[in-house]
Amino acid sequence: MLNAKAFANAAAVVGAGLFVVCRLLVGVMPQSMFNVAQSWMHSVALQPSMMSGYGTSSGWLTGIVAMVVVVWLVAYAFASLYNSWAK
């Protein structure tokens, strides 16, 4: 059995770390990361101007908070479902 809260906390910390790494990579090699994002979002036409808020502190804060919340909720749901089905 998984402790759903501990699992979600661990996943959220890993997600925050991945977010920071991704943001740093965008700062170092923006065109390459733009190409990766474009390839991941099939049929969505990204524009370089969409990254205009990238470097702002509010952009970083909004992004990392959203990442942590979404990852925590998904991981908690995953662990809860796993626990209920593992019985």
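Only the coordinates and a few stated rules stand behind these numbers; no lab work does. Here the structure is a predicted model, which is why all the values come from computation and not from measurement. Cβ sites come from the backbone with ideal geometry, for glycine too, and all protein chains shown count toward neighbours.
When Val28, Val21, Val44 are checked against the criterion of being free of Cβ contacts under 8 Å to residues at least 60 places away in the same chain, farther than 30 Å from Trp85 by Cα and within 14 Å of the chain's Cα centre (by Cα), Val21 stands alone in meeting it. Kindly provide the set of residues from region 1-15 that are under 12 Å from Val69 (Cα atoms) and surrounded by 17 or more Cβ atoms within 10 Å (Cβ to Cβ), ordered by number. Correct list: Ala8, Ala11, Ala12, Gly15.
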